[in-house]
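The values are calculated or read from the model by the stated rules, or taken from the named source; none is laboratory data. Predicted model, so just to flag it, every value in this text is computed and none were measured. Reconstructed Cβ throughout: ideal geometry from the backbone, glycine too, with neighbour counts over all protein chains shown. Areas reflect the complete protein model, heavy atoms only, side chains present, ligands, DNA and RNA absent. Shrake-Rupley method; radii C 1.70, N 1.55, O 1.52, S 1.80 Å.
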Amino acid sequence: AAIKDKGVRVLYDEPRRGSMGSRITFLHPKDCHGVLTELVTSAPEPSPDH
């Protein structure tokens, strides 16, 4: 939301699932000087109970 508020377009309305349970989205290249930028949030650590 903070990135959208700055006028940078994201390619997905909601983050998608990436490898190993991460969440990903991409920033539009036209808003990032021609560079396709991927944002990745790590998967949560498994709890010791599992």
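General observations
- In segment 6-29, residue nearest to Thr41 (Cα to Cα) [restricted to those that are among the small types (Gly, Ala, Ser) and open to solvent by less than 80 Å² (accessible area, probe 1.4 Å)]: Ser22
- Hey, Ile3 among the β-branched types (Val, Ile, Thr), in contact with a Lys or Arg (Cβ under 6 Å, 6 or more places away or on another chain) and surrounded by 10 or more Cβ atoms within 10 Å (Cβ to Cβ) or not: no
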